[in-house]
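Data block below; observations after.
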Amino acid sequence: MKKFFTRQIIIKSVEQCLKRFPVTVGFTVSLAVFLLVVCWGKDELFTERQTFTINYYLTVGSLLSLSLRLWGEEVKRKRIVYIANALLHLLLLADAGYLYLLPEDFPFLETGLAHGSALTALGLSIFTLPFFREKDDIASWNFTLQLVSHAVTSWIIGGIMCGGLCLLTASFSGLFGLEVNSNFYTTWLIVFCLTLPSLLFLGQIPAGEAKHDRTGHTSAFLSKVIRYLFLPLLGCYLLVLYVYALKILVQWQLPDGWVSWLVIALTAGCIGVEFCMYPSLRQGLSRFEQRVARGFPIAILPLLVLMTIGIARRFNDYGITLNRLYLLTLNIWFYIVCIGLFVLRARRVQWIAVSFAGIFLLTSVLPVNYARLTHRYMFQALSFQIQTSYKGELPMDEEQYLDWLASLPRETARLTNSRLKILDYTFKDKEIHRLVAPDINYWGAEKCIKENSEVHFSQKKNGTEVIAKGTYLHFEASSPSSVKMELNTGYSELVAYHKSEDSIPCKYWKEEVMPIELTDGHQVIDTIYVQPSDIRKWSAMDTIPPQKFIGRQKDNLFILTDFSLSGYAGDKNLNFTYSGYYFIQKKTN
């Protein structure tokens, strides 16, 4: 730590940042400046979409420029490096523009997975791409260890600085009674938990011979931790899973799907241990580690078969889902890794990270990807199920939908409702509205199924709404996120209510108005009155304009921006969660 803080090291780090990584530094500093502008801007200078897009572009630009720089140092033909930099940065700019132009109701899941896989590959490329010419992975292993060490050190330094300044800032309020703007705390976070650690980290990245250190560094401490802590723990996992495999074999039953998580933890631990032992394995220092490196992956293979059977059971019972597709792919990748470690005798480990990133990209980025396959399967399965089992006219309204669910077996009804909810809210598929109405309350239906309730949310008799005991009520709505309140002329104080809660007696739901009590955290300061009919009307809208209310305090004004009302009609109270702004009028003497 002392060596890290010497004046020469710090000066050299700053110079290296500017000379070696000028583009990365530019992206990092630009991101910090942008975040500070957003933090201190008196008005909303950028929309939510603009803020997200600029953040994305600058953050990914930092990673991309760092990876390209580390790779470019190994390429002799600099023209190729310049062309690659120009093309990839143009592609990033086009991608940011694409995200900005996406419509509000666009299903982000498929796009998010594609971008997540690309970012994973980009992050791993920092540790692997500069070493494509190496004959083994010793240099890459040493480089990775140094980067992790420098990253942890840099962020600890930044965290200490940030914590110290936040405490110092808070002392002005505690000691002198001064009102401190909360933006100061955000500023310290941006500068000392983001910008400073990033620059310190960049300045410490090894270069030249240090970057390609091919010395097989071994750590006696790490070897003992692996031998006496990690390997016994993994051995316990191995023992438990083999005992479970013997149990289900004797009882001749299929494995539970939950066993997959234990196998994942065991295999991930095995990969981590193989990586940590890599230098000593290359040097052949320990026969014990050599046996572990070859034997452990083979011991896991039968358990991977157990995991495969468990996944197949889930597919058979519940069909295709996005999680199960990725889980099956992970299972197949584990087979490849375990067999590869045994055949290669753990002589290389870098291919593990590269293959993971490649498979993740192939299953998420291609036009035929897992998200699209899941979407198509769910829609076709539901469409066939509804058209064959429902005899009425489509689309179903809420009452017809609940009647139809009640006619299905409980587990089938739960699975059907879950799929429709995913298609509507996750995939934002408008085609399902040919089957069911757009305002179906899937969460309420889920609770009815869970409690095996045959009572509907609401029933219409002679044009009058009848609410029965056991009925689950759920209504919610919100104003656009761009709405911002300012203190109006004539008011002396503005109090913001964020996700406040109130318990409302159920009897008021059947009456003309519901009283909502506004509190200051200790006592009631005002009461506003909301009509249940308005609650129903607003809940059917995509967004609502801010709603104004004059309460018991006639001089004051409350503006409601979003709300959620839920609960069972048979309960004593309903839960009302809301956000808004309370304007308090000036008092004249």
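Points worth noting:
- Taking the criterion of being touching a residue at least 60 places away in the same chain (Cβ under 8 Å), within 35 Å of the chain's Cα centre (by Cα) and assigned to a helix (DSSP H, G or I), the residues of segment 271-301 that qualify are Ile271, Glu274, Phe275, Tyr278, Pro279, Phe296, Ala299, Ile300.
- Residue check, Leu90 over 20 Å from Thr195 (Cα atoms) and either of a type in the set (Asp, Glu) or surrounded by 14 or more Cβ atoms within 10 Å (Cβ to Cβ) (or both): no
- Members of segment 531-551 found to be closer than 21 Å to Tyr582 by Cα and not in a helix (DSSP H, G or I), listed by number: Gln531, Thr543, Ile544, Pro545, Pro546, Gln547, Lys548, Phe549, Ile550, Gly551
- Selection from segment 408-434 of residues that are touching a residue at least 12 places away in the same chain (Cβ under 8 Å) and over 30 Å from Pro103 (Cα atoms): Leu408, Arg410, Ala413, Arg414
- Qualifying residue in segment 236-258 (condition: in contact with a Phe, Trp or Tyr (Cβ under 8 Å, 6 or more places away or on another chain), in a helix (DSSP H, G or I) and either over 30 Å from Asp137 (Cα atoms) or not acidic (Asp, Glu) (or both)): no
- Segment 3-51, subset open to solvent by 60 Å² or more (accessible area, probe 1.4 Å) and part of a loop (DSSP other than H, G, I, E, B), residue modelled with the lowest pLDDT: Asp43
- Lys19 falls short on exactly one of the conditions (1) under 22 Å from Leu200 (Cβ atoms); (2) within 24 Å of the chain's Cα centre (by Cα), and that condition is (2).
- For first residues located in segment 186-208 and of a type in the set (Gly, Ala, Ser), partners that are part of a helix (DSSP H, G or I) and lie 6+ apart or on another chain with Cβ distances below 6 Å form the pairs Ser198/Thr28; Gly203/Ser13; Gly203/Gln16; Gly203/Cys17.
- Single unsatisfied condition, Ile311 versus (1) touching a residue at least 12 places away in the same chain (Cβ under 8 Å); (2) more than 30 Å from Phe379 (Cα to Cα): (2)
- Candidates are the residues of segment 119-137 that are in contact with an Asp or Glu (Cβ under 8 Å, 6 or more places away or on another chain) and not aromatic (Phe, Trp, Tyr); the one that is surrounded by the most Cβ atoms within 10 Å (Cβ to Cβ) is Pro130.
- Residue in segment 270-290 that is open to solvent by 80 Å² or more (accessible area, probe 1.4 Å), among the hydrophobic types (A, V, I, L, M, F, W, C), modelled with pLDDT under 80 and at negative phi present: yes
The values are calculated or read from the model by the stated rules, or taken from the named source; none is laboratory data. Fair warning: this is a prediction, and the values are worked out from it, not measured in the lab. Heads up, the Cβs are rebuilt from the backbone with ideal geometry, glycines too, and the neighbour counts pull from every protein chain shown. These area figures cover heavy atoms from the full protein model, side chains too; ligands, DNA and RNA do not enter into them. Shrake-Rupley method; radii C 1.70, N 1.55, O 1.52, S 1.80 Å.
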